[in-house]
1. Suppose the filter is out of contact with any Asp or Glu (no Cβ under 6 Å at 6 or more places or on another chain) and not basic (Lys, Arg); does Asn143 pass it?
2. With respect to the numbered conditions (1) out of contact with any Leu (no Cβ under 6 Å at 6 or more places or on another chain); (2) touching a residue at least 60 places away in the same chain (Cβ under 8 Å), which one is the sole condition not fulfilled by Lys131?
3. Got a number for residues in the stretch 158-178 being in a helix (DSSP H, G or I) and open to solvent by 20 Å² or more (accessible area, probe 1.4 Å)?
4. Based on what the data block shows, is Glu12 over 26 Å from Gly108 (Cβ atoms), loosely packed, with under 13 Cβ neighbours inside 10 Å, at pLDDT below 75 and among the charged types (D, E, K, R)?
5. Find all pairs meeting these conditions: Cβ atoms under 6 angstrom apart; at least six residues apart or on different chains; first residue within the stretch 42-59 and under 22 Å from Leu139 (Cβ atoms); second residue surrounded by fewer than 20 Cβ atoms within 10 Å (Cβ to Cβ) and aromatic (Phe, Trp, Tyr).
6. Within the set of pairs 6+ apart or on separate chains, which have a first residue in the stretch 110-123 that is polar (S, T, N, Q), a second that is open to solvent by 50 Å² or more (accessible area, probe 1.4 Å), and C-beta atoms under 8 Å apart?
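The values are calculated or read from the model by the stated rules, or taken from the named source; none is laboratory data. Everything numeric in this text was worked out from a predicted model, so none of it was measured. Cβ coordinates were reconstructed from backbone atoms using ideal geometry, including for glycine residues, and neighbour counts include every protein chain displayed. Accessible surface areas use protein heavy atoms only, side chains included; no ligands, DNA or RNA. Shrake-Rupley method; radii C 1.70, N 1.55, O 1.52, S 1.80 Å.
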Amino acid sequence: DIAMLQYNMWREGSHFGWDRLSPYEERKPYLGWYTEGSTEVADWDIKWLKEHGFDYQVFVYAGVQQKAAAPIKRAARADALIDGFLNSKYDMDFAIMWSRLSEETLKGYDNFVENVVPYWVERFFRNPRYKTIDNKPLLFTYNTALVAERLGGVDKLKEAIKVLDDECKKIGYDGIMF
């Protein structure tokens, strides 16, 4: 299968927006200047990807900047996935890539188990379009060493993968593909 990584940074007023590209005429996006997170843009994107041989999309999961550990209500820069793609009229599988790991977006192992895992399970892994291999949902990371560091070391990373594996089994999968 072939995937396209979608980097979520193209919504005005959020992250970089279009300011990084708009001064350069030669850097016009193939969809033109669009509002990330609209279902119309997601429809165009899915159509283009399917026409060009892509099987699924991988969206960056940027975490949540929160002052205290609390249940996650919405991930940062999730407009393209949550507002656009998940509400699109077209069908395509997706997965997430864990990125943007900082002390603000991941407050250690306990925060991961208590807040991130339940959010991923409910919001993503339960979705029938979530990409699986051998009945295991795919979870990508941008920097696994940094994931381990933020969780408290390699042993905590192993524990975190075990937690994810167990939670995926509870909802009918055969574990997780990390």
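1. Yes: the conditions hold for Asn143.
2. Result: Lys131 passes all but (1).
3. Number of matching residues: 10.
4. Against the criterion (over 26 Å from Gly108 (Cβ atoms), loosely packed, with under 13 Cβ neighbours inside 10 Å, at pLDDT below 75 and among the charged types (D, E, K, R)), Glu12 qualifies.
5. Matching pairs, first to second residue: Ile46/Tyr90; Val58/Phe140.
6. Pairs found: Asn111/Ala69; Asn115/Ala69; Asn115/Pro71.
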